[in-house]
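S.K.: Have a look at this one.
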Amino acid sequence: MLIRTPRFLHMSIDTLIDQLPDYAKDLRLNLSTLLRQAELTPQQTWGTAVASAIASRNSELLQTILEEAAKSLTPEAMNAAKTASALMGMNNIYYRFLHLSHNPKYKTIPARLRMNGIRTHGIDQVVHSGLGH
């Protein structure tokens, strides 16, 4: 299913994506590809876009994506996308640190990361898993 957006909004999102800094080049490319693909449902696409926009830390892009996503996502799905973003950020930082750390002791310490949001997000588990878990 193709995502059809008003031309001005589509251009606005494209412009905002293009303005992401060079260090976010992969995010820029992946977000652009995500919004043009036809394989995911609108809920999966816009949920992933919300999680990605949160990760971008670009307030204009986030606001624009949130406004467009609200047309395709239920409030529960919007919250699940935000939860997925928070959990992904937490896991990415922790496990990347373990990978880069030269101290083997850190790998023996239990992570004890709280991830209640994985089971309390309120949407279909398959859809939530598609948001990045």
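The values are calculated or read from the model by the stated rules, or taken from the named source; none is laboratory data. Model, not experiment: these values are computed from the prediction. When we count neighbours, we look across all protein chains shown, and the Cβ atoms used for this are built from the backbone with ideal geometry, even at glycine.
S.K.: Please work out if Leu9 is in contact with a Ser or Thr (Cβ under 9 Å, 6 or more places away or on another chain), in a helix (DSSP H, G or I) and modelled with pLDDT under 90.
M.R.: yes
S.K.: Looking only at helices (runs of 4 or more DSSP H) that fall completely inside segment 32-133, which ones have 2 or more residues that are at pLDDT below 85?
M.R.: By residue number, 75-100, 125-129.
S.K.: Any chance segment 36-51 includes a residue that's among the aromatic types (Phe, Trp, Tyr) and farther than 20 Å from Asp14 by Cα?
M.R.: No, because not a single residue in segment 36-51 is among the aromatic types (Phe, Trp, Tyr) and farther than 20 Å from Asp14 by Cα.
S.K.: While we're on this one: Given the options Ala111, Ala81, name the one that is touching a residue at least 12 places away in the same chain (Cβ under 8 Å), touching a Phe, Trp or Tyr at 6+ places or on another chain (Cβ under 8 Å), exposed (fewer than 13 other Cβ atoms within 10 Å of the Cβ) and of a type in the set (A, V, I, L, M).
M.R.: That would be Ala111, the only listed residue that is touching a residue at least 12 places away in the same chain (Cβ under 8 Å), touching a Phe, Trp or Tyr at 6+ places or on another chain (Cβ under 8 Å), exposed (fewer than 13 other Cβ atoms within 10 Å of the Cβ) and of a type in the set (A, V, I, L, M).
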